[in-house]
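As C-alpha cells, the structure follows; a few thoughts come after it.
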Amino acid sequence: MLLPHWLFSDRAGLVLLAVLAVLGVGVPILNLWVPPDHPLYLSAYTVTVLGKYLCYALLAVSIDLVWGYMGILTLGHAAFFALGGYCLGMYLMRQIGARGVYGDPVLPDFMVFLNWSELPWYWHGFDHFGFAMLMVLVIPGLLAFVFGWFAFRSRVSGVYLSIITQALTYALMLAFFRNEMGFGGNNGLTDFKDLLGFSLQADGTRVVLFILSALALAGGYLLCRWLVSTRMGRVLVAIRDSEDRARFLGYRVERVKALVFTLSAMLAGVAGALYVPQVGIINPGEFAPLNSIEAVIWVAVGGRGTLVGAVIGAVLVNYAKTWLTGALPEVWLFALGGLFVTVTVLLPYGLIGLLQRREKAA
Amino acid sequence: MVSRTLFRAGLTGLASLLLVLFMPLPVQAADDEALRAALTQLREADFSEKAALVETLVGMDHPRVATILNALAESRLFYVTETSRIVIGLGDDVEIAIEDAITGEALGQAVKRDLDRIRVNNRLRSLIENQLASLGLASADPQQRKAAVEAFLRSPKPEGAARLKARLDVESDQKIQELLTAALALVDLTGTDAAARAQAAKALGGWTQPEIRGPLLRAAAEDSDAAVRQAAQTALAKTEFRLQMLGWAETLFFGLSLGSVLILAAIGLAVTFGVMGVINMAHGELMMLGAYTTWLTQQWLPVNWSLPVAVPLAFLVAALVGIAIERGVIRFLYGRPLETLLATFGISLILQQAVRSIFSPLNRSVATPDWMSGTILLGPLEVTLNRLVIIGFCIAVFTLLWLALQRTRLGLEVRAVAQNRAMARAMGVRSARVDALTFGLGSGIAGVAGVALSQLTNVGPNLGQNYIVDSFMVVVFGGVGNLWGAMVAGLSLGVANKLLEPWSGAVLAKILVLVFLILFIQKRPRGLFPQRGRAAEV
Amino acid sequence: MSELVSELDAAGLHTPIEPVDATHGILLYLEEVTVSFDGFKAIDNLSLYIGDGELRCIIGPNGAGKTTMMDIITGKTKPDTGRVFFGQTIDLLKLDEPSIARIGIGRKFQRPTVIEPLTVLENLELAMSGAQRLDRLITARLTGEERDQIHAVLDQIGLTEHGGRLAGILAHGQKQWLEIGMLLMQKPRLLLVDEPVAGMTPAEMERTAELLRSLAGSHSVVVVEHDMGFVRSIADQVTVLHQGRVLAEGRLEDLQVDPMVIEVYLGAGDAYH
C-alpha cells in the first residue's frame, strides 16, 4: 500500500491535501505567469490574503488538537500564535539593519526612539534566521509546557482552565503593550524589509511564503492526523470523555496533556511566524482574548475533533470576515456573535457533523 | 450656635452683625451708605488718609469689605468719572466689565478712560494685606478663618504673629487652634532665640503641609544651632512617618474603592457562575447596559436625581436581557459549560455591536451628581466623594443580595437548586423558573454595577470587556459559589493592585496580579473558599 | 519527542512495578482511616482487610462512605489519618492514581465509564497493562500475545461479537461488562467494583455474578452493591458500612438477622428480597 493506513482511511484529509496541492501550484501560476489584465490573474494582495487564511487554518488545527481531541477549551492560543509571530518579527527587525528611519545598524527604530543605547539581551541571536526559527518553536512551546505542566498537574480543568488561559493571553497583551518590554510597545514590530535577503514586497517572495504556508498547514495537519491515529489519539479521547477513567487505567493524564498542549502551541507558533511576514506587522493586539476565542469558533464552525473541520471553519469564517468587514462593517460583529450562538446551540458538531448526518440519512 | 458666632466676632462687628442678622434690609441700606461715604472719601485722600480709611473700612464688617479691599490692593477699584459711582473692574483690556463695589451688581462694560483709578502704594498694599488677614481671622466663618491662617502659612511674617496670638486666645475651634499654634511656631522657627527655635521645631513635627515641612527641612539642614537641627530632624521624622501613614491609608482607600468595583462586577457572576455553574461571558456587557441606562436616565432627568432612578432601572434592564439570554440560549446548553461560554461570548459581541450601532462607537460621558463630586476629609485623609459613595453602594448591594439569598423564598430555592438540582425538583421547586430568575438576578446586579462604573470610567461599547477578565478572576480566586469569597477576593485583589501600582506602574501591577492568580489557581484550583466533598465534583 | 518522553519518565516518579507481597494472606489493609469533608466524617476510623483472592461485598445505606473508601484506596482522596497498604510493603498513600492503577488495582465506577467514541477493542487495548508508558503511546504496535490477551478478555466478558462496535452504542449492561473487561486488561490483583448490576436485567445480573465469581481466587474482588439478591448470589463474606465505619462483618444470612443492621436499614426494607 502506498499510503499508511491512517492516512488512506482519512478521505476528508486526502481531499484537503489535494486542495492544498492544487493551491500550492495554481496560486503561484495565476500570480506570476498570468498577465495582470487576464481575468484569472491573482493579485499579490489576494495571494497574501489566501496565505493569511492558511496560517489561520494551521492555528485552528492546533486548537482542534487540544479542544476537539483532548477536551481543553483553550482561550489563549492566539498568544502562542503571536509569540511565534514576534520571534520571526524580531528576526525581520534585525534584518532591517541600517535602513531604518534612524539608520542605527543594530538597534531597531523604536529602541532608538526610546533612547536605548544597546540591544536587550533577549534580542541577541535573532539576527540568525536559524536561531529565530528555533525560537518560533521553543518560545511558544516552552510557555505552553510550563503553563500546562503546572495547570494540569494541579488538575485545573474545564472552564477554570479556559479562564486562566484567557488571563494568560490578556496578561501577555498588557505586557507587550509596555514600551519597557522592548518589543515596540503599542506599535509592535513593523516596517520589515526583507527575509533571507528577499524583499517582502516582491511578488516572488509572497508566492513563496504562500507555498510555505500551504506546506506548513499540510505538515501540521498530517502530524496531528498521525498523532490522533496512534494510541495517543485514543488516550486523548479517553481524557476528553472521562479523565478519571484514563487516570484509573494508569495514564499520567497531566503529562499527556502537557505534551500535546506544547505540541499544539508550537504549531500555533509556526502559524504565527508564517503570518507575520505576509501581513507585515505584529503588534500586541494579536494577544487580545477576542482573537483566541474567534479562533475557537472557527474550529466549532467547521466541526471540532475532525481537524479538517478546523481548516474549513477557519477559511470560511475568515473569508466571511474579509468580505463583511469590507461590505457591511456594522454587521460583522453581529454575524460573528450570531455564529457563536448558532453553532453552539444548533450545530454542536459543526459543518462536518452536518455533512456526516446528511450522509447517514441518505 | 448663634451666640457662639456672635461671641467669636470682634467687638466692632458685634453690633452690625446683630443688625445684619435680625434687620437685614434697612440696616444693610444704612451700612451701604456708611460704606459709600467712606469710599467716597478715598477719592481725594492722600496715602496716609487712605491708610486711616482702610482701618475704618475694616471696622465696618460689611460683607463686601474684603472684596473691595482686595480690589483696592490690586488697583482694580475705580470711580466712574461721570457718576462718581464706585466700581470694581474685572479684566485688563481697554474695555472692562465693571460691577458696583457696594452691591456687587454687574454694570456691563466700560471703557477705561471713563474710569478713574484709586491709586495705592506698596505701604498701603501691605497694610491692606495685613488688614485682610485680620479680617479673615476675625470672620465668623471657620472656613474663612482657616483660610486666613493658611494664607499666613504661605508667607509668614513676624509682624503678623501678634494678631495670630490674639486670635489664639479667643479661638474655640480646635482645628484652627492647632493651626494657629503651628503658624506661631513657624514664626518662632525663624526667630533669634535658639531655645524658642528648638521648641518650635518640635511643635512642627507631624505637619505635612509643604509650607511647614519646607522651613523645617531648612532648619534641619542649615540652622546654626545644633540642638535646633536635632529637634528639627526629630520633628521631620515624625512628619515623614505621618506622611507615610497617610500614603498607606490613601493606597488602602484606593484599593478598597477598586475592590468595591471588582466586587460589584463579580458578585453577579458569583450568582450565575457559582450558583448555576453557568459561565456568562456577556456579564461585562450587561454591566455596560447598566452604564448606558444611567446615561439615558440623565438625558431625561436632572443629573442630581438621575442615579436613584438609574439603579433600579439598570437592574431591570439588565435582568430582563439576562432572562432573555437564559431562556433563549443558555437553557439549551445546561451541562455543557464550555459551549455556554462560547455562546455567551457570542452574545457579548452582539450586545457590544448593538450598542455601537445604536449609540455610536464613541464614549458617552455620564455626569456626576453634585452630591457625589468633590472631596471630603476622612480624618486627616482627603478622599474623593464618588469613590466613597461607591464603596458604600457596594456594601449596600452586597448586603441586599445576601439578604435576598438568605431570607427570601427565591433565595431558598436558588440555594436548593445550587446544591442539588434533582432533589430540589423532586421537592417541587420549578427549577426552570428558578434558573431564569437566578440568571436575571445575577444579570440585574451586573446592571447595577454598571451604574457604579459609569461614575468612574468612560461609558462606551468596550466597557464590559475591560472588566470581564478581572471579574472572573475575582470569582475564581474567591471560590466559586461563595459570596463571601467574592468579597474577600475582590477587596484583596483591589488593594494588592493599588499597593503594587506605585512600585511597578499600573499596567505591570495588573500583570503581576494576573500572574499571581494564574499561579494561585495551580495551588488552590477551587479558590480561597472551596466547596468540598462529593458535591464539588459535579 | 521521544527523548523528551523518556526524560519525563526519568524525572517524574515512574513507579517501578513492585511485586505485591501478600504472603500473610491479606492483600489490602485499611487501618484506622479517617477522612472528613468540612467537619463531616465521611470515613470514621475505618479498618478493613481484604484477603488474597477473596470476593467481598460491601453494603451500607447511602452516605455510609462506600465510594469515599474506594476513592481512598485508589488515591483519589487522601485520608486525614490512617494507613492503607497493598500487600505487606506498598504504601498506597504515597502513590497517585496512575501509579496505583499500574501496580494492579482496578476500579469500576458507579456509572459505567467506557470511552464511547472508541470501539470495544480499542477500549480494551487502552486499558492493557503496559500500554500506559508515554513512549508506547505513539510507537507501539500490538504484539501477538497482546492480541490474544484482548481476545481472551473479550470472550470472558461475553462481547466477542461486538469487538468492532463503538462502545457508545452498547447496551447498558454490556457497557458494565466492558468496563470490567477493561479492568481485567490491567492485569490487576485487586478489583474494586462499584454497583456492577445497577440497571441490569435479571439475566444480565446472573451473567455478571458468574463473571465476578470466576474472577475470585485469581483476583481479590471488592463489590459495592445495593441489591441484596445479587450480594447473596456472589459473596459469602459481607461487610456492612454505616456512617463511615464497619458496623458488622460476616455471612449475609447472619447479618440479615443482626438487630443493628436491621435498624440501620429500617425504612429501606425493600432492599431485602
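Each value in this text was obtained by applying a stated rule to the coordinates, not by laboratory testing. Predicted, not measured: the structure shown is a model, and the values here were computed from it. Positions of Cβ are generated from backbone atoms using ideal geometry, with glycine treated the same way; all protein chains shown enter the neighbour counts.
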Mean separation of Cα pairs under 8 Å and 6+ residues apart, divided by the residue count of chain B: what relative contact order is that in percent?
14
Can you tell me the 0 to 90 degree angle between the C-alpha axis of helix C:2-11 and the longest principal axis of chain C, rounded to 10?
40
To one decimal place, what orientation-averaged projected area in nm² is obtained for the convex hull of the Cα set of chain B?
34.9
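Compute for the stretch A:81-210: radius of gyration divided by Kirkwood radius, i.e. Rg/Rh, restricted to C-alpha atoms, rounded to two decimals.
1.04
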What residue among B:62, B:88, B:367 has its Cα farthest toward the positive end of the dipole of the protein assembly as shown, where the charges are +1 on Lys, Arg and -1 on Asp, Glu, each on the Cβ?
B:367
Restricting the count to DSSP beta bridges whose residues both fall in chain C, what percent are antiparallel, rounded to a multiple of 5?
55
Under the definition of Cα pairs under 8 Å and six or more residues apart, what whole-number percent is the relative contact order of the stretch C:2-271?
26
Connecting C-alpha atoms closer than 10 Å in a GNM of chain C, tell me which of C:260, C:200, C:128 has the biggest fluctuation.
C:260
Förster radius 35 Å - calculated FRET efficiency between residue B:378 and residue A:321 (Cβ-Cβ, nearest 0.05):
0.10
Dipole of chain B, Cα-centred, from +1 at each Lys and Arg C-beta and -1 at each Asp and Glu C-beta, to the nearest 20 debye?
2880
With the cut-off at 1.5 for a/c, could you classify the stretch A:255-351 from its C-alpha gyration tensor as rounded, prolate or oblate?
oblate
Rounded to the nearest 10, the angle in degrees between the Cα long axis of helix B:303-328 and the longest principal axis of the Cα atoms of chain B comes to 10
List, in order, the whole-Hz ³J(HN,Hα) value for each residue of the stretch C:27-32 obtained from phi through the Karplus relation with A = 6.51, B = -1.76, C = 1.60 and θ = phi - 60°; use x for Gly and Pro.
9, 10, 10, 10, 10, 6
To the nearest 10 degrees, how steep is helix B:409-419 against the longest Cα principal axis of chain B, on a 0 to 90 scale?
60
What does the helix-only formula give at 222 nm for the protein assembly as shown: each DSSP H stretch with n ≥ 4 adding -39500 (n - 2.57), the total divided by the residues, and the result rounded to the nearest 500 deg cm²/dmol?
-20000 deg cm²/dmol
Which of C:103, C:50, C:169 moves the most in a Gaussian network model of chain C with Cα springs under 10 Å?
C:169
With +1 on each Lys and Arg Cβ and -1 on each Asp and Glu Cβ, how big is the dipole of the stretch C:2-271 about its Cα centre, in debye rounded to the nearest 20?
240
Using amide H atoms built 1.01 Å from N in the peptide plane, name the residues 5+ places from residue C:37, or on other chains, whose amide H lies under 5 Å from its own.
C:42
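Name the chymotrypsin sites (Phe, Trp or Tyr not before Pro) in the stretch B:39-93 that are in a loop by DSSP and that have at most 12 other C-beta atoms within 10 Å, would you?
Values: sites: B:47, B:78, B:79; in loops: none.
Taking the stretch B:39-93 and a limit of 12 other Cβ atoms within 10 Å, no loop chymotrypsin sites (Phe, Trp or Tyr not before Pro) are found.
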Please work out whether chain C counts as rounded, prolate or oblate from its C-alpha gyration tensor, where a ≥ b ≥ c are the square roots of the eigenvalues and a/c under 1.5 means rounded, while otherwise a/b larger than b/c means prolate and anything else oblate?
oblate
Mean 1/r over all different Cα pairs, inverted: what Kirkwood radius does the protein assembly as shown give, in Å?
36.4
Which of A:222, A:30, A:351 moves most in a GNM of chain A, Cα contacts under 10 Å?
A:30
Reduced to Cα centres, the span from the stretch A:1-61 to the stretch B:70-95 in Å works out to 85
Positive end of the dipole of the protein assembly as shown, charges at C-beta (+1 Lys, Arg; -1 Asp, Glu), about the Cα centre: which of A:130, B:354, B:259 has its Cα farthest in that direction?
B:354
Please report, ordered by residue number, every helix of chain A (full DSSP H runs) that is 27 Å or longer along its axis going by C-alpha atoms and whose mean Kyte-Doolittle hydropathy reaches 0.5.
A:44-64, A:77-96, A:129-153, A:158-177, A:203-229, A:253-279, A:308-327
What longest region of chain B stays clear of GluC sites (Glu not before Pro) that DSSP places outside H, G, I, E and B and that have at most 15 other Cβ atoms within 10 Å?
B:106-538
Please list, ordered by chain and number, the residues whose modelled amide H lies under 5 Å from the amide H of residue C:248; skip anything fewer than 5 residues away on the same chain.
C:240
What's the FRET efficiency of residue B:192 with residue B:242 using the Cβ-Cβ distance as r and R₀ = 35 Å, to the nearest 0.05?
0.75
dims of chain A, Cα set, principal axes, largest to smallest, nearest Å -> 63, 55, 49
Separation of the residue B:227 and residue A:180 label points, Cα + 7 Å toward Cβ, nm
4.8
